[in-house]
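The values are calculated or read from the model by the stated rules, or taken from the named source; none is laboratory data. Nothing here was measured: the structure is a model prediction, and the numbers come from that model. Here Cβ is always computed from backbone atoms with ideal geometry, including for glycine, and neighbour counts include all displayed protein chains.
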Amino acid sequence: MSAIDITGLSKSFGPTAVLRDVSLQLQAGEFVAVLGPSGCGKTTLLRCLAGFETPDAGEIRVGGKLVAGPGRQLPPEDRGIGVVFQNYALWPHMTVAQNVGYGLRIAGVPRARRDETVARTLAVVGLQAMADRRPADLSGGQRQRVALARCLAAEAQVVLLDEPLANLDVHLRGAMEQEFADFHARSGATMLYITHDQAEAMALADRVAVMDRGRIVQFAPPQQLFREPQNEMVAGFIGEGRVVAVEDLTPVAPGRAMARFLGQPVALRCTPAERPRPTARIALHPGDLRLGGTEGVPAVVTRTSYRGGHLRAELAAGPARDIALTLNLPLAESGAATVARGQTVRLALADGWVIPEPSSSLSS
Ligand SMILES: Nc1ncnc2c1ncn2[C@@H]1O[C@H](COP(=O)(O)OP(=O)(O)OP(=O)(O)O)[C@@H](O)[C@H]1O
Ligand SMILES: [Mg+2]
């Protein structure tokens, strides 16, 4: 039984279709990120799940129970779902302990049991010492932990998080990422984590659902999104990917193909279903290119930038110099750059993924 089972979900605001036939199944205890550009419908999906929006079509089951569907719309408090918002949504006049125990008090849980639960959940998020503080006297990260403790205290088996780190600075984000991972490991909750930050999604999630204009375009583990993007949107969105054209695509073995890139033969990865095609588009990452000595595709260095342990080079290839590529290069022992702006180099493709044709793409 899936912890969350969404089928055929659609939602429009006026004439605008914001969710289009969204289906998504989460296993119990899974950590899933929903990743996509601003406005693609992520928050609307979360609000439908939590019960703050009524879908136009489709069904949502939580733990096998129908919570939304034709003729049925369970209120948020009956869904067993906890929500952590970007702005924390804590009661400012209550202490940390009162915020965490609020839901239990409303539900009529006796005082002693309530206190015990609050103490236990504050310990889980490491806030025992701050039980008597008010939200105004906490950092952003600590407030976010109070919101997590509140989900735990309510015994939410499903926790939805809507860009919970967006208001935090970059150092705190890294620390909070670890907190979410720890929270997930300790609570065993099923987590649906919404973000438009791909690094966050890739670092945290077992699987990532990439959304584009109201649809889920790929749902896969992070490595697979990176290595085998199903369309150009995913290819360009994940891992600084570039999409370029190749010619004479010829499968040579299951999952392997040859093609020509600017006249040079290249070996590529592809789906086992791939067929010969006169042209195709491939996804490349900065790590897929090498300097190729005297062989390889000529390209002009248009920009270099220092990136800690390596040099990032932007290049322009093709007869019209209109094909933009990115390459990571080791620095010289002295730390100096190994290529310079304006220099012509030769590039070899060490790896690349043939983006499947829409009709043959594996829907997952
Ligand atoms: N209540 C509403 N009424 C009308 N339009 C809405 C409403 N809520 C959302 N929208 C529209 O639906 C689209 C999707 O919004 P949504 O908030 O789901 O996007 P998002 O993916 O969460 O974006 P972001 O990353 O910016 O938070 C947007 O175009 C938004 O303007
Ligand atoms: Mg949003």
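ARG277 fails exactly one of the following numbered conditions: (1) over 14 Å from the mean Cα position of the chain (by Cα); (2) under 30 Å from SER10 (Cβ atoms); (3) surrounded by fewer than 22 Cβ atoms within 10 Å (Cβ to Cβ). What is the number of that condition?
(2)
Based on this model, can you work out whether PHE183 counts as among the aromatic types (Phe, Trp, Tyr) and more than 14 Å from the chain's Cα centre (by Cα)?
Details: among the aromatic types (Phe, Trp, Tyr): yes; more than 14 Å from the chain's Cα centre (by Cα): yes.
Taking the combined requirement at face value, the residue satisfies it.
Quick check on my filter: what residues within the stretch 183-204 are more than 16 Å from ligand 2 (Cβ to nearest atom), in a helix (DSSP H, G or I) and touching a residue at least 12 places away in the same chain (Cβ under 8 Å)? Before you say what the answer is, go through the steps one by one.
We begin by selecting, within the stretch 183-204, every residue more than 16 Å from ligand 2 (Cβ to nearest atom); these are 183-191, 199, 202-204.
Then drop every residue that is not in a helix (DSSP H, G or I), which leaves 183-187, 199, 202-204.
Passing the criteria: PHE183, HIS184, ARG186, SER187, MET202, ALA203, LEU204.
When only residues in the stretch 214-273 that are without any contact (Cβ under 8 Å) to a residue 60 or more places away in the chain and part of a helix (DSSP H, G or I) count, which is farthest from GLU200 (Cα to Cα)?
Among those residues, the one meeting the criterion is MET233.
Considering (1) out of contact with any strand residue (DSSP E or B) (no Cβ under 6 Å at 6 or more places or on another chain); (2) touching a residue at least 12 places away in the same chain (Cβ under 8 Å); (3) under 20 Å from THR190 (Cβ atoms), say which one ILE60 fails and leave the rest.
(1)
Looking at (1) in a strand (DSSP E or B); (2) on the phi > 0 side of the Ramachandran plot, which is the one condition that is false for GLY335?
Just one mismatch for GLY335, condition (1).
Does GLY64 satisfy the criteria of being surrounded by fewer than 17 Cβ atoms within 10 Å (Cβ to Cβ), modelled with pLDDT of 95 or more and more than 16 Å from ligand 1 (Cβ to nearest atom)? Give the steps one after another, and end with the answer.
Numbers: surrounded by fewer than 17 Cβ atoms within 10 Å (Cβ to Cβ): yes; modelled with pLDDT of 95 or more: no; more than 16 Å from ligand 1 (Cβ to nearest atom): yes.
No; evaluated as a whole, the condition is false for this residue.
Out of all the residues in the stretch 137-177, which are at pLDDT 85 or above, surrounded by fewer than 22 Cβ atoms within 10 Å (Cβ to Cβ) and within 16 Å of ligand 2 (Cβ to nearest atom)?
ASP162, GLU163
Can you say whether VAL34 is away from ligand 2 (no atom under 13 Å from the Cβ) and either within 18 Å of the chain's Cα centre (by Cα) or modelled with pLDDT of 95 or more (or both), as far as the supplied structure shows?
On the way: away from ligand 2 (no atom under 13 Å from the Cβ): no; either within 18 Å of the chain's Cα centre (by Cα) or modelled with pLDDT of 95 or more (or both): yes.
Against the criterion (away from ligand 2 (no atom under 13 Å from the Cβ) and either within 18 Å of the chain's Cα centre (by Cα) or modelled with pLDDT of 95 or more (or both)), VAL34 does not qualify.
Please work out which residue is nearest to ligand 1 (Cβ to nearest atom), limiting yourself to the stretch 34-61 and to residues that are in a strand (DSSP E or B) and surrounded by fewer than 18 Cβ atoms within 10 Å (Cβ to Cβ). So that I can check it myself, show each step before the final result.
Filtering the stretch 34-61 for residues in a strand (DSSP E or B) gives 34-35, 57-61.
In the following step, the residues that additionally are surrounded by fewer than 18 Cβ atoms within 10 Å (Cβ to Cβ) were identified as 57, 59.
Values: ALA57: 16, GLU59: 19 Å.
Residue satisfying both the conditions and the ranking: ALA57.
Could you grab the pairs with beta carbons closer than 6 Å, sequence gap of 6+ or different chains, first residue in the stretch 287-300 and under 12 Å from PHE261 (Cβ atoms), second one acidic (Asp, Glu) and not in a strand (DSSP E or B)?
ASP288/ASP351
Only residues that are surrounded by fewer than 14 Cβ atoms within 10 Å (Cβ to Cβ) and outside any strand (DSSP E or B): list them for the stretch 288-305, please.
Of the residues in the stretch 288-305, the ones surrounded by fewer than 14 Cβ atoms within 10 Å (Cβ to Cβ) are 293-295, 303, 305.
Answer for the stretch 288-305, where residues must be surrounded by fewer than 14 Cβ atoms within 10 Å (Cβ to Cβ) and outside any strand (DSSP E or B): GLY293, THR294, GLU295.
For a quick check of your reading of the model, give me the residue pairs whose first member lies in the stretch 108-119 and is surrounded by 12 or more Cβ atoms within 10 Å (Cβ to Cβ), whose second is in a helix (DSSP H, G or I), with beta-carbon atoms closer than 6 Å and at least 6 apart or on different chains.
From residues that are surrounded by 12 or more Cβ atoms within 10 Å (Cβ to Cβ), the pairs are ARG114/GLY101; ARG114/LEU104; THR117/ALA153; VAL118/ALA97; VAL118/VAL100; VAL118/GLY101.
How many residues, within the stretch 5-33, are near ligand 1 (Cβ under 8 Å from one of its atoms), free of Cβ contacts under 8 Å to residues at least 60 places away in the same chain and either in contact with a helix residue (DSSP H, G or I) (Cβ under 9 Å, 6 or more places away or on another chain) or of a type in the set (A, V, I, L, M, F, W, C) (or both)?
Matching residues across the stretch 5-33 total 1.
So which of THR43, THR95 ends up being of a type in the set (Ser, Thr, Tyr), within 16 Å of ligand 2 (Cβ to nearest atom) and at pLDDT 90 or above? Please lay out each step first, then the result.
Working: THR95 fails: within 16 Å of ligand 2 (Cβ to nearest atom).
Of THR43, THR95, the one residue that is of a type in the set (Ser, Thr, Tyr), within 16 Å of ligand 2 (Cβ to nearest atom) and at pLDDT 90 or above is THR43.
Here are GLY141, GLY126: which of them is over 30 Å from LEU9 (Cα atoms) and either assigned to a loop (DSSP other than H, G, I, E, B) or not assigned by TED's automatic domain parsing to the domain that holds SER10 (or both)?
Numbers: GLY141 fails: either assigned to a loop (DSSP other than H, G, I, E, B) or not assigned by TED's automatic domain parsing to the domain that holds SER10 (or both).
Residue meeting the stated conditions: GLY126.
Could you count how many residues in the stretch 158-182 are charged (D, E, K, R), more than 13 Å from ligand 1 (Cβ to nearest atom) and assigned to a loop (DSSP other than H, G, I, E, B)?
Step one: list which residues in the stretch 158-182 are charged (D, E, K, R), which gives 162-163, 169, 173, 177, 179, 182.
So of that shortlist, the ones also more than 13 Å from ligand 1 (Cβ to nearest atom) come out as 169, 173, 177, 179, 182.
Then keep just the ones that are assigned to a loop (DSSP other than H, G, I, E, B); that gives 169.
Adding up the residues that qualify gives 1.
Looking at the stretch 185-206, which of its residues are surrounded by fewer than 20 Cβ atoms within 10 Å (Cβ to Cβ) and either more than 16 Å from ligand 1 (Cβ to nearest atom) or under 13 Å from VAL234 (Cβ atoms) (or both)?
Pass one, the stretch 185-206, residues surrounded by fewer than 20 Cβ atoms within 10 Å (Cβ to Cβ): 185-186, 188, 196-197, 199, 202-203, 206.
Hits for the stretch 185-206 are ALA185, ARG186, GLY188, MET202, ALA203, ASP206.
The conditions are (1) closer than 16 Å to MET176 by Cβ; (2) outside any helix (DSSP H, G or I); (3) out of contact with any Pro (no Cβ under 9 Å at 6 or more places or on another chain), and LEU66 fails exactly one of them. Which is it?
Among (1) closer than 16 Å to MET176 by Cβ; (2) outside any helix (DSSP H, G or I); (3) out of contact with any Pro (no Cβ under 9 Å at 6 or more places or on another chain), the lone unmet condition for LEU66 is (1).
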